1. Give the order of 334, 102 when sorted by the count of other beta carbons within 10 angstrom, beginning with the fewest.
2. How far apart, in nm, are two points set 7 Å out from the Cα along the Cα-to-Cβ line at residue 14 and at residue 344?
3. What ranking do 151, 369 get, fewest neighbouring Cβ atoms within 10 angstrom at the top?
4. If packing is taken as the average count of other Cβ atoms within 10 Å, what order do 72-84, 119-131, 196-208 fall into, highest mean first?
5. With r defined as the distance between the Cβ atoms of residue 327 and residue 25 and R0 fixed at 41 Å, what FRET efficiency is calculated, to the nearest 0.05?
6. Does anything in region 138-157 have its amide N under 17 Å from the 7 Å Cα→Cβ label point of residue 68, and if so which residues?
7. For a distance above 31 Å, tell me the whole-number percent of Cα pairs in region 6-209 that qualify.
8. What spacing in nm lies between the two simple spin-label points modelled at residue 380 and residue 97, each 7 Å away from Cα in the Cβ direction?
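Each reported figure results from applying straightforward, stated rules to the coordinates on display, with no laboratory input. Owing to the predicted nature of the structure, the values given are computational and were not obtained by experimental measurement. Cβ sites come from the backbone with ideal geometry, for glycine too, and all protein chains shown count toward neighbours.
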Ligand code: AMP
């Protein structure tokens, strides 16, 4: 099949000029497939992720179609619904970029910013309205916007809207439009709720599916670090080691919950790192401000939640850390796709608590890559036990099961005097703990439990002996394993750093990562892990 150029897609000359000015040479696959359909006015169902060029695949045909006709007061001609403020703001930037040769008017209805200007624009009439669902319904309810004039509706990142509970809002909104409108609908995945929405509100759509970008780009080095003590304070210690020793230029550190983003941000700042936070509870001004600072290098580390970080165009991130493994494997691919972009080398490291082990299997399935562990990998016993532990909000699964696991025997759990510990344990135990510090956590030294039980000896040599013996850093045959069951084996990182001799100087070559001055917990060789039930 012949490769299409932008000139083949039916876009107006003015739009093509803007594309050339943006420096784009060839359309991406989603653009090549969606634009020729969208410019004719037909509905499109695009199954594509961020990073595929999907924004331009709807913005460019929209601008072309909006060249004729004019806006009427309070009746936008087109509407784009996006799940988050940042995404909405980013789509607005795309209109600015691709619409440089046009005089289209645009309003942005998102939370956290003053609406006066936007409402004035709406009163005058806009060609394009970009909104988050809640904000739109709010303004609709106040009679500030009418939707009967919408000719083109775009729903972006529908599956993310589902995750965020916006589907009832979307259904409400879709019923407010004239029946004869064009709908361009984008989703990275198609769960049943989304399929139902498509069946209900799209008319004979052209279904266009593009391969996931970066089902882990080859330029991304991925590593996993098993944290047998799955407590957040222990993970923060591991993370700090990695940042200090990892040749990190800038990094996004993902947490699963916004409150954990806030805690991690405070902790990093307290430990002297140049950090910022991005999560859904922050007001719009500080989110934008943080993001700008991260983009221009004023902030080096960005603790972020998925909701806040999804779809953001942040070029040139040297490292991604998963402080928590994401609950959905898709999110893993999405998160690590923030590094290793445009052929650059990138590095993604994920901290894995015992409860997170079950997600590693899903990640392996979706990426098709065998996880490579830094330091000691989990045992097969750990992995087998992973699905059995239950996880509660804000706590670790083992707390609910009542069955302590390796490194966390009952008896030492209440000893840790940090605010995090108190937060993550049951109130009965919390009563025994000293009160939490004013905010965040204790200083570094107090951040540790007074003593950490040794991990029990396990007959593991035979199980692992047939596995490839490759060093994670050099990808060279690794040194012989330390004898199984030695007392210092499986010590937590901080104990290793106190007791172990200085690390052997390892050569990093030109690999981006942590090879030089490798922290204590990484000194042991790593190798791929065999997941039971897989070949
Ligand atoms: P998106 O998937 O819409 O978030 O786009 C991801 C990135 O790709 C953005 O930085 C766009 O500016 C860029 N982009 C979109 N289309 C093209 C293209 N045809 N050629 C080069 N870069 C593009």
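1. Numbers: 334 24, 102 17.
By the 10 Å Cβ count, ascending: 102, 334.
2. Between residue 14 and residue 344, the simple spin-label model gives 3.5 nm.
3. On the way: 151 19, 369 13.
Listing 151, 369 from fewest to most nearby Cβ atoms yields 369, 151.
4. The most tightly packed comes first, giving 72-84, 119-131, 196-208.
5. 0.60
6. Only 151-152 fall inside the zone, counting backbone N under 17 Å.
7. Numbers: 2325 of 20706 pairs.
It works out to 11 percent of all Cα pairs.
8. 5.0 nm
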